[in-house]
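Notes follow once the structure below has been shown.
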Amino acid sequence: MAFETILAETRGPVGLITLNRPKALNALSKQLIAELAEALTGFENDDAIGCIVITGSERAFAAGADIKEMKDKSFVEAFSQNFIGLNDWERVTLCRKPVIAAVAGYALGGGCELAMMCDFILAGDNARFGQPEITIGTIPGSGGTQRLTRFVGKSKAMEMCLTGRQMDAAEAERAGLVSRIIPVADLLEEALKVATQIATLSRPVVLMAKEAVNRAYETTLAEGVKFERRLFHSSFALEDQKEGMNAFAEKRPPNFKHR
Ligand code: HXC
């Protein structure tokens with residue numbers, strides 16, 4: 001897939017998307033978001049791909065929506081175009097395959113929001129997360145006030161959204177925003193390793209696990225547990241469940257059919 005603002009390539013069973021506007025610290029222009037959505041759709045439709053990684057450069061995952069592009073927008077344009085809420089922006093949240101954010105450097109504004117839309121974040125040790133919109137006269141527009149609050153709690157999210165203060169990688173890990181910190185030089189390699197590991201598991205079971213975890217954010221505990229139980233039961237209809245458990249009993253690695 002050939003794009004101008006991102007790179008999209010396959011690494012074995014992994015779809016790798018690299019945000020690639022280095023001069024603008026990967027500011028998320030309309031074109032970049034459209035290309036990202038197209039690349040995600042391509043990987044979603046490609047049966048050979050079992051997991052997707054989104055990354056940026058060592059200096060910036062993304063420094064936010066493109067301020068120069070949006071600064072002169074009128075209220076009427078923003079409102080009637082449903083600016084930011086357009087399908088392309090939310091494409092990553094609609095992916096059924098797992099999407100890992102490998103974040104080095106700045107993940108600010110829309111960059112932080114994009115990372116939070118992914119299934120989990122692996123952070124380089126130089127990563128910085130923030131919602132600085134308040135300092136340029138606006139507020140987060142792609143879920144920042146909602147996802148950050150759910151992920152790190154009200155106090156920290158409120159402080160960050162009210163002041164624009166950035167979190168470094170250590171604070172982000174303590175707060176539960178990122179799953180792990182990795183030396184930045186090893187970040188991509190580690191993200192690809194984890195993604196490859198996921199891609200070799202049973203695809204339908206991976207999709208079930210992702211759906212079940214995500215349900216925790218959308219429903220009550222009792223309903224979520226019931227949803228999980230139904231998916232758990234249905235996994236017993238899969239040949240891959242038989243293969244996985246037989247392989248364990250026979251002390252051999254599983255060879256999943258559906259991946
Ligand atoms: C457009 C951007 C940009 C952005 C950086 N650049 N961030 N261009 N939109 N969000 C450009 C700069 O203009 C500059 O271009 C080049 O990238 C390098 O940036 P510098 O500022 O010179 O680098 P540095 O001094 O190292 O500072 C890095 C930085 C700073 C702290 C990340 O760039 C910064 O504060 N950026 C804006 C962060 C921000 O406010 N993000 C939120 C955006 S609002 P030139 O041409 O001068 O070299 C948002 C709303 C989301 O995201 C709504 C829903 C998606």
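The values are calculated or read from the model by the stated rules, or taken from the named source; none is laboratory data. On a predicted model such as this, the values are computed, not experimentally measured, just so you know. Because the Cβ atoms are built from the backbone with ideal geometry, glycine has one as well, and the counts that use them run over all protein chains shown.
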Enumeration of residues in the stretch 116-157 that are away from the ligand (no atom under 12 Å from the Cβ), among the aliphatic types (A, V, I, L, M) and within 21 Å of Val14 (Cβ to Cβ): Ile121, Leu122, Ala123, Ala127
Please find, among Ser155, Ser142, the residue that is of a type in the set (Gly, Ala, Ser) and crowded, with 20+ Cβ neighbours inside 10 Å. Ser142
Step by step: first the residues of the stretch 21-73, then only those that are touching a residue at least 24 places away in the same chain (Cβ under 8 Å) and of a type in the set (S, T, N, Q), then the one that is farthest from the ligand (Cβ to nearest atom). Which residue is that? Thr41
Residue under question is Ala78, and the condition is that it be touching a strand residue (DSSP E or B) at 6+ places or on another chain (Cβ under 8 Å) and either more than 11 Å from the ligand (Cβ to nearest atom) or without any contact (Cβ under 8 Å) to a residue 60 or more places away in the chain (or both); does it hold? no
Of all residues in the stretch 78-92, how many are at pLDDT below 85 and either of a type outside the set (Val, Ile, Thr) or in contact with a Cys (Cβ under 8 Å, 6 or more places away or on another chain) (or both)? 3
With the structure loaded, tell me whether Ile84 is buried (at least 17 other Cβ atoms within 10 Å of the Cβ), of a type in the set (Val, Ile, Thr) and over 13 Å from Met117 (Cα atoms) or whether it fails that test. yes
If you check Arg229, Arg180, Arg215, Arg150, which single one turns out to be touching a Phe, Trp or Tyr at 6+ places or on another chain (Cβ under 6 Å) and among the charged types (D, E, K, R)? Arg215
Condition (residue is on the phi < 0 side of the Ramachandran plot, part of a loop (DSSP other than H, G, I, E, B), away from the ligand (no atom under 13 Å from the Cβ) and exposed (fewer than 15 other Cβ atoms within 10 Å of the Cβ)) applied to the stretch 4-15: is it met by at least one residue? yes
Failed condition for Thr93, given (1) under 16 Å from Ala60 (Cβ atoms); (2) more than 8 Å from the ligand (Cβ to nearest atom): (1)
Taking first residues from the stretch 236-257 that are within 17 Å of Ala209 (Cβ to Cβ) and second residues anywhere that are surrounded by 14 or more Cβ atoms within 10 Å (Cβ to Cβ) and charged (D, E, K, R), the pairs with Cβ under 9 Å that are 6 or more apart or on different chains are Asp240/Arg203; Asp240/Arg259; Pro254/Asp240; Pro254/Glu243; Phe256/Arg203; Phe256/Asp240; Phe256/Glu243
Looking at the structure I just gave you, is Ile52 crowded, with 24+ Cβ neighbours inside 10 Å and in contact with a Cys (Cβ under 8 Å, 6 or more places away or on another chain)? yes
For the stretch 33-49: of the residues being within 20 Å of Ser202 (Cα to Cα) and of a type outside the set (A, V, I, L, M), which is surrounded by the most Cβ atoms within 10 Å (Cβ to Cβ)? Phe43
All positions within the stretch 106-120 that are outside any helix (DSSP H, G or I) and either over 12 Å from the mean Cα position of the chain (by Cα) or crowded, with 21+ Cβ neighbours inside 10 Å (or both): Tyr106, Ala107, Leu108, Gly109
